[in-house]
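All remarks here apply to the structure that follows.
The values are calculated or read from the model by the stated rules, or taken from the named source; none is laboratory data. Remember, predicted model here, so these are calculated numbers, not experimental data. Please note: Cβ atoms are built from the backbone with ideal geometry, for glycine as well, and neighbour counts cover all protein chains shown. Surface accessibility is based on the protein's heavy atoms, side chains included, excluding ligands, DNA and RNA. Shrake-Rupley method; radii C 1.70, N 1.55, O 1.52, S 1.80 Å.
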Amino acid sequence: MKYPYIAIEGNIGSGKTTFSEMLAEHLQCKLILEQFADNPFLPKFYQQPERHAFPLELFFMAERYQQLSTLNDGDLFSSQVVSDYFFMKSKLFAQNNLKDDELLLFNRLSDIALKNLPKPDLLLYLHSDISRLQKNIKKRAREFEQYISDDYLLQIQERYFDYFKKQNDFPVLLIDVSRVNFVEDTIAYQQLVGLLEKEYETGLHPISLA
């Protein structure tokens, strides 16, 4: 296995969970999915973000840490793992959503957690333009997500991009899927899977699927 631990990331509505499920089934490997529905602060956050951002991000961080901390060395050596998020996501969303004093405390806690978690061997970021994200969000019809603005999606996108440009811990494939439907298009899906057969240096690798 070139990449024992593969993380799939993307903005809200990019299809990261769907692709993670498809990929894990294809590889016959362990799948870790973010349990966002268990977060009681999520619907409240989209209605009153300033009031509920801090408990929202703390809850997400705790849940993500609990899930990913189960990935000990034995798990990663014995079987491949696909996850639909990576832990740094907590810090990126916190940077966008928290006030300065809240962010200071959050970063201290998340830095402690990061020391105990494995890093992905490969990260695939599924990029879609904002209009495509909004179409996907409306299509899946989660009531609390209908409050998400274009500006918020753009801010989150920029947080990811800024981080990817600076990090040098693992390879990141920035894949533009704005004009493809890998669920219905077998060729597009096979193109995505085929990317896992190649070796990449650490850093950012922009890739376009047409």
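Relative to the Cα centre, the charge distribution of the chain, modelled as +1 at Lys and Arg Cβ and -1 at Asp and Glu Cβ, gives a dipole magnitude of about 180 debye.
Taking all protein chains as they are arranged and a probe of 1.4 Å, the heavy atoms of M22 leave approximately 50 Å² accessible to solvent. Would you kindly state how much longer the chain becomes between R179 and Q167 on full extension, computed as 0.36 nm times their sequence separation minus their alpha carbon distance, in nm to one decimal? Difference between extended and current length: 1.6 nm. Distance from the C-alpha centroid of region 128-193 to that of region 32-48: 18 Å, rounded to the whole angstrom. With the largest listed first and rounded to whole Å, the semi-axes of the equivalent ellipsoid of region 103-210 from the Cα gyration tensor are 25, 23, 12. Among the protein heavy atoms of the chain, carbon and sulfur supply 50% of the accessible surface, probe 1.4 Å, non-protein parts ignored. In percent, rounded to a whole number, the relative contact order of region 110-210 is 35, using alpha-carbon pairs under 8 Å and six or more apart. Across every pair of non-identical alpha carbons in the chain, the mean reciprocal distance, once inverted, gives a Kirkwood radius of 17.7 Å.
At full extension, Q155 and N116 could sit 11.2 nm farther apart than now, given 0.36 nm per residue minus the alpha carbon distance. Taking every full run of DSSP H in the chain, the ones that stretch at least 18 Å from end to end by Cα along their long axis and average -0.5 or higher on the Kyte-Doolittle scale are 49-68, 100-114.
For the pairs K89/K198; K44/K135; K30/K198; K2/K99, note any where the Cα-Cα span goes beyond 32 Å.
Where the Cα-Cα span goes over 32 Å, the pairs concerned are K2/K99.
As a length-normalised measure over Cα pairs under 8 Å and 6 or more apart, the relative contact order of the chain settles at 28 percent.
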